[in-house]
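The next block holds one structure in the form of structure tokens; read it before the comments.
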Amino acid sequence: MKENFNDPDNRYSRQVLFGPIGKNGQEMLARSSAVINTAVNIIASIQTTEALKFLTGNSDDMIKGLINIDVWDLSLDIIDIKKDKGNRCPVCGTG
């Protein structure tokens, strides 16, 4: 794709610009290539709730970990993540 692409006449299709998707130019199945809109809503709701906890001074109640959500199977896992105190940033030196 060209930088600063401008196509006011709509002369180029997605396939011309980006090439074929999937095997033999066939489109991928919607299930594997689309974003389920409910996933976006769930993530936005969780982010909003966490922001409200922070803004109201309830940071102790915030989720301390990585949230893994599978909306297809309706499962949610919180993965505990610990800071590696021995690993320092090569740019700023903090760790």
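Taking the criterion of being in a strand (DSSP E or B) and either of a type outside the set (V, I, T) or over 18 Å from A39 (Cβ atoms) (or both), the residues of the range 66-88 that qualify are L66, N68, D70, S75, L76, D77.
A quick yes/no check of all residues on (1) part of a helix (DSSP H, G or I); (2) modelled with pLDDT of 80 or more; (3) of a type in the set (S, T, Y):
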| residue | (1), (2), (3) |
| --- | --- |
| D9 | no, no, no |
| V16 | yes, no, no |
| M28 | no, no, no |
| V35 | no, no, no |
| I42 | yes, yes, no |
| T49 | yes, yes, yes |
| F54 | yes, yes, no |
| D60 | yes, yes, no |
| K64 | no, yes, no |
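Could you list, in sequence order, the residues of the range 41-72 that are surrounded by fewer than 11 Cβ atoms within 10 Å (Cβ to Cβ), closer than 23 Å to K83 by Cα and of a type in the set (A, V, I, L, M)? Selection gives L66 alone.
The values are calculated or read from the model by the stated rules, or taken from the named source; none is laboratory data. Just so you know, these numbers come straight off a predicted model, no measurement behind them. All Cβ positions, glycine included, derive from the backbone under ideal geometry; neighbour counts span all protein chains shown.
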